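Visitor: Starting off with a structure, shown below.
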Amino acid sequence: MNRKTASLWVSGALLLGATTAHAALPDEATMYKNPQCGCCDEYARHLEEQGVDVKIVDNAELGEIKQQAGVPPRPRVVPHHRDRRLLD
């Protein structure tokens, strides 16, 4: 089998796997969000269309919730520096 044929087989297998594999969705979810975030509302609607019962909590202290959930803080980057050094 030549290299091109092998690549085609691998690509086909990956494509088939991508169309048949889906992550299991929970029956219910709680979404903590900023009340001005339209993206969160759209995502909640999408989840509900998939059969997930979504409870939305507005005005949540997101930093505290992320810390309790073990989400690492995002590093801050100075946008105008050429070397994009991280701030402490």
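Every number here is computed from the coordinates shown, using simple stated rules; none is lab data. Source: prediction; values computed, not measured. All Cβ positions, glycine included, derive from the backbone under ideal geometry; neighbour counts span all protein chains shown.
Visitor: Can you tally the net charge around Asp53? Count Lys and Arg as +1, Asp and Glu as -1, for every other residue whose Cβ sits under 10 Å from the Cβ of Asp53.
Guide: Once positives and negatives cancel, what remains is -2.
Visitor: List every residue whose amide H lies under 5 Å from the amide H of Met31, counting only residues 5 or more places away in sequence or on a different chain, with H placed 1.01 Å from N in the peptide plane.
Guide: Result for Met31 returns Lys55, Ile56, Val57.
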